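Asks: Attaching a single structure in structure tokens format; questions to follow.
The values are calculated or read from the model by the stated rules, or taken from the named source; none is laboratory data. These numbers were taken from a predicted model, which means no experiment stands behind them. Here the Cβ positions follow ideal geometry from the backbone for every residue, glycine too, while neighbour counts run over all protein chains shown. Quick note on the areas: whole protein, heavy atoms, side chains included, nothing else; ligands and nucleic acids left out. Shrake-Rupley method; radii C 1.70, N 1.55, O 1.52, S 1.80 Å.
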Amino acid sequence: MKTVIVSGFLGSGKTTFINHILGFSKNTLVLENEFGDVSIDSMLIKNDDIIEINSGCICCGLKSDFKEIIHKIDKDQFEYIIIEPTGVAKLTDILEVLKDEENLQIQKCVTIVDCDSYICFHDDFGEFFNDQIKNADIIYITNIENLEEEKIEEVKKSIEQFNKHAIIHKEDFRKINPNDIVSEFADNKKQDKHKCCCHGDGHKCCGKHHHHDHEHNEHSHEDSRFKTNVQKKLKFDSKEDLEKFLDSKSIVRAKGNVEIADKKVFVSKTLSGLEVSDSLSGSDDFVIIEVNNE
């Protein structure tokens, strides 16, 4: 089964990217790995065939579950598998888990990079963030709408220092024909092992610095660095009240349904800002992912 891995840090736009390219093959299965107990992204994926793998990382605590699911998939039913790991998974670990799976033909690793938060994430979460960039075959830079070309080019050049071989797109992928995107998936992924590279002492986006200068030889469990808080049936009188509720430097991602002025809406918060749109499901869950400063 042809396999594409779509990685990217929390809130970078992985699910939006997957939805954009879905439809290139009628026989596509999406494997969705969420960080917490509740799967919000699976509600947003516009695909009939989707498997949710929650409450952990498919490269460590859920490794055996992940492998069991892979083995049970009918390879005659699906031509393509799209794997979306949790936003704080390391691509090296995912590739290590998949390297001996004979049923999978890994074509490409795609990494989505939020341009506006790049400096912050690069410095504060380099262990996960930089690994995703270094091991990508194709990189899409997102959240560029309100940024100057100089800023976008600066981020592109920085990415090239970590990965000189990847195809880097700095145009909005939503404006690219999905067939053109999929056409770049053709060649098989070479599963080379890379060392994680972290450096820099720039802007910090939260109350604690998470950068480490050592070689990351041991597996790092993201649940020791982040914590998930699931709220239910949240209600606010206004968007301003919602913004006050989420006004914390430790929050790196928040998403889900809430009520604002008696109307159910879907809220997506990243370090780049807060978006409110029409709710697409009846769920009452709202997931908050924070840096664990304990």
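Asks: How large is the accessible surface of residue 140 in square angstrom, using a 1.4 angstrom probe and rounding to the nearest 10?
Replies: 0
Asks: Another question, if that's okay. Would you kindly state how much longer the chain becomes between residue 250 and residue 225 on full extension, computed as 0.36 nm times their sequence separation minus their alpha carbon distance, in nm to one decimal? Can you show the working numbers first?
Replies: Values: separation 25, 0.36 × 25 = 9.00 nm, distance 1.12 nm.
Stretched out fully, the residue 250 to residue 225 stretch lengthens by 7.9 nm.
Asks: Filter 2/157; 72/164; 233/255 down to the pairs with a C-alpha to C-alpha distance above 25 Å, please.
Replies: Cα-Cα > 25 Å for 2/157; 72/164; rest within.
Asks: Let me ask something additional. Report the dimensions of the range 62-188 along its three principal axes from the alpha-carbon atoms, largest first, rounded to Å.
Replies: Largest first, the range 62-188 extends 48, 33, 23 Å along its Cα principal axes.
Asks: Further, regarding this structure: Work out from phi, with θ = phi - 60° and the Karplus expression 6.51 cos²θ - 1.76 cosθ + 1.60, the ³J(HN,Hα) of each residue of the range 152-164, listed in order in whole Hz, and give x for Gly and Pro.
Replies: Residue by residue, the range 152-164 yields 5, 5, 5, 5, 4, 5, 5, 4, 5, 5, 8, 9, 8 Hz.
Asks: Something else: How fast does the range 63-123 diffuse by Stokes-Einstein, in µm²/s, taking the Kirkwood radius from C-alpha pairs at 10 °C and 1.306 mPa s?
Replies: Stokes-Einstein gives a translational diffusion coefficient of 116 µm²/s.
Asks: How much length, in nm to one decimal, is gained on full extension between residue 167 and residue 103, taken as 0.36 nm per residue of separation minus their Cα-Cα distance?
Replies: Details: separation 64, 0.36 × 64 = 23.04 nm, distance 2.63 nm.
Difference between extended and current length: 20.4 nm.
Asks: In addition: Near the amide H of residue 31, under 5 Å away, which other amide H atoms are found, from residues 5 or more places off or on another chain, if H is placed in the peptide plane?
Replies: Long-range HN contacts for residue 31: 51, 82, 83, 84.
Asks: Same structure again: Net charge near residue 1, counting Lys/Arg +1 and Asp/Glu -1 over other residues with Cβ under 13 Å of its Cβ? Spell out each step's value before the answer.
Replies: Working: positive: 2, 72, 75; negative: 49, 74, 76, 79, 101, 102.
Its environment carries a net charge of -3.
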